[in-house]
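Step one of this worksheet: look at the structure below.
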Amino acid sequence: SQGDGKTYTLKELSKHDGTNDTTPALLLGLNGKVYDVSAAANFYGPGAAYSKLAGRDSTRALARASLRAEDIPEADGQAVDASELTESEQATMRSWEQRLAAKYKVCGRLI
């Protein structure tokens, strides 16, 4: 898929949360991949239901169906290692991966 060569740190990803005019793309990290979710600003844009996930590594949050701060790494934190998740959380994460891959383009990798 396109864009696989681009890598994002959590800090770089955090600029893509919809509040920064110089980086208008809405991006979301999941299990090491970065998805362009700009087309779903109604879900991920500022003020929307899932806006906390935009510009973030959403792996743990989506796997746990949680929007709690402790499940969403800060820009200066560490990307989530999916192997730390329980089997059930990994299964939920994989279903989210399928959902995102069906709708949005992968535009890079999370490092």
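At a glance:
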item: Carbon/sulfur fraction of accessible area - the chain, other protein chains in place, 1.4 Å, %; result: 48
item: Theoretical ellipticity at 222 nm over the chain - DSSP helices of four or more residues, -39500 (n - 2.57) apiece, nearest 500; result: -7500 deg cm²/dmol
item: Using θ = phi - 60° and Karplus 6.51 cos²θ - 1.76 cosθ + 1.60, couplings along the range 95-108 (whole Hz; Gly, Pro as x); result: 5, 5, 4, 4, 4, 5, 4, 6, 10, 10, 7, 6, 10, x
item: Area of Val106 that stays accessible when all protein chains are in place (1.4 Å probe, Å², to 10); result: 20
item: Zone residues, the range 57-73, relative to Arg94, backbone N less than 16 Å from point 7 Å out along Cα-to-Cβ; result: 63-64
item: Rounded to whole Hz, the Karplus (6.51, -1.76, 1.60) HN-Hα couplings of the range 6-11, x for glycine and proline; result: 7, 10, 10, 7, 4, 5
item: Cβ-based net charge around Asp71, under 15 Å, with every Lys or Arg adding one and every Asp or Glu removing one; result: -1
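The values are calculated or read from the model by the stated rules, or taken from the named source; none is laboratory data. Since the model is a prediction, treat every value here as computed from it, not as a measurement. In this analysis, Cβ positions are derived from the backbone assuming ideal geometry, glycine residues included, and neighbour counts consider all displayed protein chains. Side chains included, ligands, DNA and RNA excluded: accessible areas come from the protein's heavy atoms. Shrake-Rupley method; radii C 1.70, N 1.55, O 1.52, S 1.80 Å.
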